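> To start, I am sharing the structure in question, which I have written as structure tokens.
Where a number appears in this text, it was derived from the coordinates with a stated rule and is not lab data. Owing to the predicted nature of the structure, the values given are computational and were not obtained by experimental measurement. We place every Cβ from the backbone using ideal geometry, glycine too, and count neighbours over all the protein chains shown.
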Amino acid sequence: MNKDILICGVGGQGTVLASKIIASAAMEEKKTVHSAETIGMAQRGGSVTSHVRIGESYSPLIPHGSADLLLAFEPGEAVRNIKYLKKDGVVIVNTVPTDPVGASSEDNSYDASVMTDYLLKKCKCIFVNSEEVCKEFGSSKFFNIVILGIATGADVLGVSFDTVQDQLTKRIPQKFLEINKKAFMKGYEIGSNAQI
Amino acid sequence: MKEYLMGNGAIALGAMAAGVNLVAGYPGTPSSEIIETLSKYPHEGLHLEWSVNEKAALEVAAAAAYSGARAMVTMKQVGLNVASDPLMSLAYVGVKGGMVIVSADDPGPISSQTEQDTRRFADFCRIPVFDPATPEEAYVMIQDAFEYSEKYSTPVLFRPTTRVCHAYASIDVEDIYKPREYEGFVKDSKRWVIFPRLSYINHGNIEKRNVSIAEDLSSYGFNSVACPAAKKAIVASGVSYSYVKECLKGNTDVRLIRVATAFPFPESFMLEALKGADEVLCFEELSPYIEEQILKLSGRHKLAIEVRGKLDGEVPHNGELSVEIVAKILKEYLGEDIGLEQIDVSDSPGLPVRPPVLCAGCPHRGSFYAVKRAMQGKKAYFCGDIGCYTLGNAMPLDMVDTCLCMGAGITMAQGLDHVNEDATSFAFVGDSTFFASGITGVINAVYNEADMILCVLDNSTTAMTGHQPHPGTGKNMMGNIVDKVDIEKVLRGIGVKTVMTVDPLDLKKSVEAVKDCASLKGVKAIIFKSPCIAIAKPSGKCCVDSEKCINCKKCIREIGCPALAGTEKGVSIDMDLCTGCGLCEQICPVEAIRDLEGSRS
Ligand code: SF4
Ligand code: SF4
């Protein structure tokens, strides 16, 4: 079965590792995979996306209206990218906003609840607060692994728990493996209990 | 073995499968990962280099190809402009070993100054060009490109676009790299020394040869036609072909013609492919090259066919194509709905704009800010250049008044100086760009008596394109440690009398250096030296003492570091982002920012 997964966020949030893990897990399960990344200027704090397409596909980018799953590392970016989502697609979204950098923060910061309310109106959502779930790991940098856990737990990733976990072992240096596995499990639990 | 490869990786391993002996290039998005991939696979017997610029790379490779070796050059499309001087001549001289010039185009443009089309360059130089649509194709096609190059003794262009370069696919690749055997350079001045007479003769030969290549390419497997009986035809090339296929999924009543070799245009293939068609719609990014060729063909052969595409306004000239754009145009053309059902987003709330910014702790921020501070209230012009530091244009720094092409900042500062006597002209150039095309500009300034201040932002890497080494870093792509070319010595050697080296994260000293230089005549240079934070270990972390912070937000307003955030209670620092560079510390008027205890090793 075909599965299109769009990962979006702000440059520096670790979206690329998440997409690599999904792609290699799908390959491990003998599925055809294609993916595409934002590389270049935008990596410096701009909006970034990774497109993962499991199954036969032609375009390197997911067409609008075709994604089964949107993994959003930032609420504003989720809204920016829901045009890619299928009508019955699922969004897993971090509710903690990243304010755009600017001269003075007041006129640039925005209200994350406007974004989450909008998402709720438009599609099936799982909301997570990255700061809360990552607190025990000491840094929000583990959110990319948490979100993979959530998608696996909610059974919307299209690859199995075991293959994803194998990929973590393969891709993450020994030193950080234990903590990443914990982050994955934490996400998995959240995902398993999520109502969508 | 199966490898999950980026299009650029596929090009790299495809070239290895072709036994390439030498690869040279200059980094540039979207082409940089080709050479990086090569360096990561076992490649004993391959000479690999980041050259100082594209012209150097092409000349190095040309001589290897004269010797019978297989050579590849990699660059982005604007790099081909730099390499065009040797390329135009090389097209007349030709090669012996296969030589492929990879020039990656960037429709959008996403990370480039121009939307130029390498296929036009191929036509301009009269040499073949290959245009892959996917990473899988790129792996095979690059090998074909070497074959054609050798068969016709001509350099060949290879033109992927960003979406092909940066797309990943799983590809079956050769396990072992076997470099080609070759004869070595054989002296033959009638062949290798370009003279007007040689160019005259070869020009004639090349035009004749191109007719044969066009014939040959007419049966090339990647030039294909599906459903040849349909009255309505579509022509597509490169990634546009993938978009059309995505849109046509399942629809078999339209004739789909794919052109993978735009020049020499495979005329007999196209004549055959268009037979019996009433209309043809062309999808191609950048320029309407194939469309023009078809128009020419239909004129010469008096075809009763309507040619549609960019020239009649249906397909946009600028920007990249996408499944959405193609689907919309195809809907009109075919009269059937092929788009997907979408969520209605017309009521979307306003979204934050996120222009790219310098990283938290980037030393360039300190350099720009020091110049800004030193020149406050004085008239000054700031000429920027190509690299991460182009981002110095963003608010609140706002320190880039011009940016044109690699190395231009240095020479443009001189032009500004010569006609604007009341202002001080500055040029900002990165270390890699300085080596690529800055040095000649400085010599020009010294010789022609410009008054200017050159700021070399030396962060010991080529940051924007993914941190490649360069002559100042002391490392090369053969994995060797080599002597560093010292920028300060270079500047002194070419006649710059005042050269200062400062740490851009030391605000006071940096401001003083700028002020000192501004009071002198002639060409002055300041080397702001501090490593790119993306490759250096952060020195620690800073934090805000909320008792002391008076919430004036001066730090945010002045330098705009992404780690600084304003809250109602005062400024806070994001510990995940802060590198402890200390710049904000030096700006805070009440000393509320300090090192986080124990964070410095
Ligand atoms: S010390 Fe200040 S300026 Fe430097 S990275 Fe941290 S917050 Fe940014
Ligand atoms: S990558 Fe390096 S040079 Fe580029 S913005 Fe970041 S710190 Fe600065």
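> Please work out whether the protein assembly as shown counts as rounded, prolate or oblate from its C-alpha gyration tensor, where a ≥ b ≥ c are the square roots of the eigenvalues and a/c under 1.5 means rounded, while otherwise a/b larger than b/c means prolate and anything else oblate?
Judged from the Cα gyration tensor, the protein assembly as shown comes out oblate (a/c at least 1.5, b/c at or above a/b).
> I'd like the FRET efficiency for B:Leu596 and B:Lys497, computed as 1/(1 + (r/R0)^6) with the beta carbon distance as r and R0 of 51 Å, rounded to 0.05.
0.75
> Please report B:Ile556, A:Ile190 as a ranked list, fewest other C-beta atoms within 10 angstrom at the top and most at the bottom.
In order of increasing Cβ crowding within 10 Å: A:Ile190, B:Ile556.
> Let's see if you can work this out: charge +1 on each Lys and Arg Cβ, -1 on each Asp and Glu Cβ, no other charges. What is the dipole magnitude of region B:363-529 about its Cα centre, in debye to the nearest 20?
Dipole of region B:363-529, to the nearest 20 debye: 340 debye.
> Please list, in order along region A:24-36, the HN-Hα scalar couplings obtained from phi with the Karplus expression 6.51 cos²θ - 1.76 cosθ + 1.60 (θ = phi - 60°), rounded to whole Hz, x for Gly and Pro.
6, 5, 5, 5, 4, 8, 6, 9, 6, 9, 10, 8, 8
> In vacuum, with every alpha carbon of chain B counted as one equal point scatterer, what does the Debye formula give for log10 I(q)/I(0) at q = 0.06 Å⁻¹? Two decimals, please.
Ignoring solvent entirely, the Cα scatterers give -0.38.
> Let me ask something additional. Compute the distance in nm between two label points, each set 7 Å from the Cα along the Cα-to-Cβ direction, one at B:Thr440 and one at B:Glu279.
5.0 nm
> On to the next question. Cα to Cα, under 26 Å, and not fewer than 8 places away if on the same chain: which lysines meet these conditions relative to B:Lys379?
Correct list for B:Lys379: B:Lys497, B:Lys508, B:Lys509, B:Lys515, B:Lys521, B:Lys524, B:Lys529, B:Lys554.
> In terms of the Cα gyration tensor, with a ≥ b ≥ c the square roots of its eigenvalues, is region B:346-484 rounded because a/c is under 1.5, prolate because a/b exceeds b/c, or oblate?
Judged from the Cα gyration tensor, region B:346-484 comes out oblate (a/c at least 1.5, b/c at or above a/b).
> If one computes P(r) from the Cα atoms of region B:148-253, what percent of pairs lie at distances over 16 Å?
That tail contains 78 percent of the Cα-Cα pairs.
> Cα to Cα, under 19 Å, and not fewer than 8 places away if on the same chain: which aspartates and glutamates meet these conditions relative to B:Lys302?
Leaving aside aspartates and glutamates fewer than 8 places away in the same chain, those within reach of B:Lys302 are B:Glu267, B:Glu272, B:Asp278, B:Glu279, B:Glu291, B:Glu292.
> Say the cut-off is 19 Å between C-alpha atoms; which of A:Lys87/A:Lys124; B:Lys55/B:Lys484; A:Lys175/B:Lys2; B:Lys40/B:Lys475; A:Lys3/A:Lys86 go over it?
Too far apart for the 19 Å limit: B:Lys55/B:Lys484; A:Lys175/B:Lys2.
> How much length is gained if the chain between A:Lys170 and A:Thr32 is pulled fully straight, taking 0.36 nm per residue apart and subtracting their Cα-Cα distance, in nm to one decimal?
47.7 nm
> Next up: Would you tell me the mean number of C-beta atoms belonging to other protein chains that fall within 10 Å of each C-beta in A:70-80, as a whole number?
2
> Taking R0 as 22 Å, what FRET efficiency do you get between B:Glu547 and A:Lys135 from their Cβ-Cβ distance, rounded to the nearest 0.05?
That pair, B:Glu547 with A:Lys135, gives E of 0.30.
> Picking from B:Gly407, B:Val511, B:Met452, whose Cα lies most toward the positive end of the charge dipole for region B:398-519 (charges on Cβ: Lys, Arg +1; Asp, Glu -1)?
B:Gly407
> Let me ask you something else. Which percentage, to the nearest 5, of the DSSP beta bridges contained in chain B is antiparallel?
Antiparallel bridges: around 25 percent, rounded to the nearest 5.
> Using only the Cα atoms of region B:23-173, what semi-axes does the equivalent ellipsoid have when each is the square root of 5 times a gyration tensor eigenvalue? Give whole Å, largest first.
They are 20, 18, 15 Å, listed largest first.
> Moving to a separate point now. List the GluC sites (Glu not before Pro) within region B:520-601 that DSSP assigns to loop and that have no more than 11 neighbouring Cβ atoms inside 10 Å.
B:Glu547, B:Glu568, B:Glu591, B:Glu597
> Now for a separate question. What average number of partner chain Cβ atoms lie no more than 10 Å from the Cβ of the residues making up B:211-221?
Mean inter-chain Cβ contacts per residue within 10 Å come to 0.
> Cα to Cα, under 22 Å, and not fewer than 8 places away if on the same chain: which lysines meet these conditions relative to B:Lys208?
Counting by Cα, and skipping residues close in sequence, B:Lys208 has these lysines nearby: B:Lys96, B:Lys151, B:Lys190, B:Lys296.
> When the Cα centres of region A:1-68 and region B:294-361 are compared, how far apart do they sit, in Å?
Cα centroid to Cα centroid, the span is 22 Å.
> Considering only DSSP states other than H, G, I, E and B, which trypsin sites (Lys or Arg not before Pro) in region B:302-357 qualify as loop sites with at most 14 other Cβ atoms within 10 Å?
Sparse-neighbourhood loop trypsin sites (Lys or Arg not before Pro): B:Lys302.
> Oh, and also: What is the dipole size for chain B, taken about its Cα centre, with +1 at each Lys and Arg Cβ and -1 at each Asp and Glu Cβ, in debye to the nearest 20?
1380 debye
> In whole Å, how far is the Cα centre of region B:20-91 from that of region B:150-179?
Between the Cα centre of region B:20-91 and that of region B:150-179, the gap is 13 Å.
> Please give the FRET efficiency for B:Glu341 paired with B:Met395, using the beta carbon to beta carbon distance and R0 = 35 Å, rounded to the nearest 0.05.
Plugging the Cβ-Cβ distance into 1/(1 + (r/R0)^6) gives 0.30.
> Work from the charge dipole of region B:268-323 (Cβ charges, +1 for Lys and Arg, -1 for Asp and Glu, about the Cα centre) and give the residue of B:Leu295, B:Val280, B:Asn318 farthest towards its positive end.
B:Leu295
> At what distance in nm do the modelled label points of B:Tyr41 and B:Leu271 sit from each other, each positioned 7 Å from its Cα along Cα→Cβ?
Roughly 4.0 nm, to one decimal.
> Taking neighbour Cβ counts within 10 Å as the exposure measure, how do A:Ser24, B:Ser425 sort from fewest upward?
Sorted ascending by nearby Cβ count, the order is A:Ser24, B:Ser425.
> Considering the convex hull of the alpha carbon atoms of region B:542-595, report its projected area averaged over all viewing directions, in nm², one decimal.
That works out to 3.1 nm², a quarter of the Cα hull's surface.
> Which is farthest toward the positive dipole end of chain B among B:Val93, B:Thr114, B:Met16, measuring Cα position about the Cα centre, with Cβ charges +1 (Lys, Arg) and -1 (Asp, Glu)?
Going by the Cα projections, it comes out as B:Val93.
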